[in-house]
Amino acid sequence: MSMRIAIGQLSSSSNHSKNLLKVVSLIERAIKEDVRLIFFPEATDYLSQNAEHSKFLAHKSPRFIEELQGKVKMINKTANRSIDISIGVHLPPNEKDKGDDRVKNVLLYINHEGKILQTYQKLHLFDVDVPNGPILKESRSVQPGSEIPSILSTPVGKLGSSICYDIRFPELALRLRKEGAELICYPSAFTSKTGEAHWELLGRARAIDTQCYVVMPGQCGSHDVFDDEWSKTHSNSTNTVERRSWGHSLIINPWGEVIASADGMDQKDGDLIIADLDMDLLKKVRENMPLIDQRRYDMFNI
């Protein structure tokens, strides 16, 4: 059985249609390489100028998702193979949100039939003032999630879902491992400042903590956040933060070794990195150092 995964690294703009074309192209490339599961970054559907812009764009994301589901089903049927998709997108608020107009930052798992098997809503929001860097307040436009995701059985193993800033909170990763995760993904749009300092370090730490494969799809390069109809009438440079992401997508094994990586340069059609997962290695690491059995659950509530 093939245990091949891929990351589709790209630079999303504020244009849903152009972003979808990049995603479809990367899926088509991956399925030719016998990839069974491809991971895309956080906010693949769009990146915005500011909170107001994001709230506008989020209402177009359900159409993006619906079209992607159809494309996934068609690609699998045409290739006579099967590839599943993990992709970060936004959802608009609904009537259950009781007047909260902030969007939802979510991770979708779409199977080879185009069906959504899981929607995980980001738990930890990126509210920081980076020294000599940008001031970013994700909570201005995004609702925090309130549920730990269940473990998904995938063609390449048991998957635990997280998003970007979640990587800084090891208790979530440890909980996913305790629930049976063999892979944990962190689709992200890391800033260049924090990415240079901590991106690889955090990924390797979570892999060592959990003895899981860690998959880190990253947004990359400069983002064109003015490529949509809203920008023509609402663009305001005084309320716009330059959007640039770190890239350097990674796949890390349970011993903390980087087994596949991308660079930080944006490529026109995106970048594809591929790795074969060795579950015998995962089993060996866990047997030789049985951390899950040695944890003091009587002392720590994880």
Need the list of lysines near K32 for cross-linking: C-alpha distance under 18 angstrom, and skip anything on the same chain fewer than eight residues off. K22, K71, K73, K77
Can you list the trypsin sites (Lys or Arg not before Pro) in segment 271-302 that are in a DSSP coil and have 16 or fewer other beta carbons within 10 angstrom? R295, R296
Please give the helix 16-32 orientation as an angle from the longest Cα principal axis of the chain, in degrees from 0 to 90, rounded to the nearest 10. 30
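Quote the relative contact order of segment 179-277 in percent (integer), defining contacts as alpha-carbon pairs under 8 Å separated by 6+ residues.
Reported as a whole number, the value is 30 percent.
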Taking the solvent-accessible surface of protein heavy atoms with a 1.4 Å probe, what is the per residue accessible area of the chain in Å²? 46
In debye, nearest 20: dipole of the chain around its Cα centre with unit charges on the Cβ of K, R (+) and D, E (-)? 420
Relative contact order computed over segment 23-141 (Cα-Cα under 8 Å; 6+ residues apart), in percent: 25
Computed P(r) (all Cα pairs; segment 94-136; 5 Å bins; percent): 5, 17, 13, 17, 17, 13, 9, 6, 2, 0
Kirkwood Rh, segment 99-237, all Cα pairs: how many Å? 16.6
Ellipsoid semi-axes in whole angstrom, largest first, where each is sqrt(5λ) of the Cα gyration tensor of segment 183-296: 36, 15, 11
The value for segment 93-179 (convex hull of the alpha-carbon atoms, volume per residue, Å³) is 128
Rg(Cα)/(2.2 N^0.38 Å) for segment 28-152, N = residue count: 1.17
So, taking all protein chains as they sit and a 1.4 Å probe, how much accessible area belongs to H124, in Å² rounded to tens? 40
Label points 7 Å out from Cα along the Cβ direction at D34 and F300: separation in nm? 4.0
Please give the direction-averaged projected area of the C-alpha convex hull for the chain, in square nanometres with one decimal. 15.8
Take the alpha-carbon centre of segment 86-165, take the same for segment 7-65, and report the distance between them in whole Å. 14
Report the net charge of residues surrounding E287, where surrounding means a beta-carbon distance below 13 angstrom and charges are Lys +1, Arg +1, Asp -1, Glu -1. +1
Considering the options N76, Q143, I27, tell which one lies farthest towards the positive end of the dipole of the chain, charges being +1 on Lys and Arg and -1 on Asp and Glu at the Cβ, about the Cα centre. N76
Accessible area of segment 113-207 with a 1.4 Å probe: how many percent of it is carbon plus sulfur? 48
Among S54, N301, G8, whose Cα projects farthest towards the positive end of the dipole of the chain, with charges put on the beta-carbon of Lys, Arg (+1) and Asp, Glu (-1)? N301
Using a 1.4 Å probe on the protein chains only, how many percent of the accessible area of segment 41-81 belongs to carbon and sulfur? 49
Relative to the longest principal axis of the chain, what angle (0 to 90°, nearest 10) does the C-alpha long axis of helix 192-210 take? 30
Taking Cα atoms, how many degrees apart are the long axis of helix 61-79 and the longest axis of the chain, rounded to 10 and kept between 0 and 90? 50
Size of the dipole of segment 66-113 about the Cα centre, Lys and Arg at +1 and Asp and Glu at -1 on the beta carbon, nothing else charged, in debye to 20? 200
Would you mind calculating the relative contact order of segment 1-82 from Cα pairs under 8 angstrom and at least 6 residues apart, reporting the percent as a whole number? 38
Kirkwood Rh and Cα Rg combined as Rg over Rh, evaluated for segment 160-232: 1.11
When the helix-only estimate is applied to the chain (DSSP H runs of n ≥ 4, each -39,500 (n - 2.57), divided by the residue count), what is the mean residue ellipticity at 222 nm, nearest 500 deg cm²/dmol? -9500 deg cm²/dmol
Choose one answer from R206, R244, R63: the residue with the largest mean-square fluctuation in a GNM of the chain with alpha-carbon springs under 10 Å. R63
Rounded to the nearest 20 debye, what is the charge dipole size of segment 96-235 about its Cα centre when +1 sits on each Lys and Arg Cβ and -1 on each Asp and Glu Cβ? 380
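The values are calculated or read from the model by the stated rules, or taken from the named source; none is laboratory data. Not measured: the values here are computed from a predicted model. As a convention, Cβ positions derive from the backbone with ideal geometry for all residues, glycine included, and neighbour counts pool all protein chains shown. Protein only, heavy atoms only, side chains kept; ligands, DNA and RNA dropped before computing areas. Shrake-Rupley method; radii C 1.70, N 1.55, O 1.52, S 1.80 Å.
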